[in-house]
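The values are calculated or read from the model by the stated rules, or taken from the named source; none is laboratory data. Given the structure is predicted, the values throughout are model-derived calculations rather than measurements. Cβ sites come from the backbone with ideal geometry, for glycine too, and all protein chains shown count toward neighbours.
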Amino acid sequence: MLCVSLLTAMLVPQQSFAQAEQRVLVTDAKLALATFINDPDMNWLQRNLGDAKAVLIAPRITKAGFIVGGSGGRAVAFARDPGTGRWAGPAFYTLATASVGFQAGIAVSEVVTLVMTDRGLNSLLSSSFRIGADASVAAGPVGAGAQSTLTADLISFSRAKGVYGGLNLHGTIVSVADDWNDLYYARSVDTTGILIRRSVHNRQANELLNMLASAAKK
């Protein structure tokens, strides 16, 4: 019995440590989402979040380079059950894009993308997809009076240094981070299991799930 207790005591800290990066990303995503849903300029996002099939939150997309540049980062996705309105997730992803042009310096943006169509959701459930090719994307309207009607699969909002807009996700490759999903849920699981079948759950994401549920009701 003593050996079992010692083994349990050893495994729990190791599991928590293994999830450290994933937990930080979920916490950062919660802070990023709070910024968007509490800003009066994000009226369109706030009004349409309840109609979204899913949401992809990237709290830190880094764009860097000179002459040849690119951007990348990690993101979490949550899907909404159309019948109950309940949200499930997170599922973890990586975002990467390459571009050629005259760029200099480093820019960091936080991005919230609403997935508005079945095509967009199916792309999110695949192992990887290219934004703009496999799923259309449009920049979300910004401003208290924004009333634009958009029909793209993905509606993306970005914010850098307190200013909205400026980051173009067209051409970005979104890939499932299977290793991060497995670590966070302490078992092997795919995005369908996380977002659609709800076969796993991590209580650490409860605050973010509750935030989504509350914001979607407005």
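Could we say that residue 102 is assigned to a loop (DSSP other than H, G, I, E, B), aromatic (Phe, Trp, Tyr) and either within 18 Å of residue 205 (Cβ to Cβ) or modelled with pLDDT under 90 (or both) here? For residue 102, the condition - assigned to a loop (DSSP other than H, G, I, E, B), aromatic (Phe, Trp, Tyr) and either within 18 Å of residue 205 (Cβ to Cβ) or modelled with pLDDT under 90 (or both) - is met. Within the range 179-218, the residues that satisfy the criterion of being hydrophobic (A, V, I, L, M, F, W, C) and part of a helix (DSSP H, G or I) are 180, 183, 194, 195, 205, 208, 209, 211, 212, 213, 215, 216. With respect to the conditions (1) surrounded by fewer than 24 Cβ atoms within 10 Å (Cβ to Cβ); (2) of a type outside the set (D, E, K, R); (3) part of a strand (DSSP E or B); (4) at pLDDT 90 or above, residue 85 lacks only one, and its number is (3). Any chance the range 156-178 includes a residue that's modelled with pLDDT of 90 or more, assigned to a helix (DSSP H, G or I), among the β-branched types (Val, Ile, Thr) and closer than 16 Å to residue 94 by Cα? The answer is no; no qualifying residue exists. Of the listed requirements (1) at pLDDT 95 or above; (2) closer than 20 Å to residue 90 by Cα, residue 217 misses just one: (1). For the range 169-200, a residue qualifies if it is without any contact (Cβ under 8 Å) to a residue 12 or more places away in the chain, surrounded by fewer than 17 Cβ atoms within 10 Å (Cβ to Cβ) and of a type outside the set (D, E, K, R), and the qualifying residues are 188, 199. Of all the criteria given as (1) among the small types (Gly, Ala, Ser); (2) under 19 Å from residue 47 (Cβ atoms); (3) assigned to a loop (DSSP other than H, G, I, E, B); (4) without any contact (Cβ under 8 Å) to a residue 40 or more places away in the chain, the one not satisfied by residue 138 is (3).
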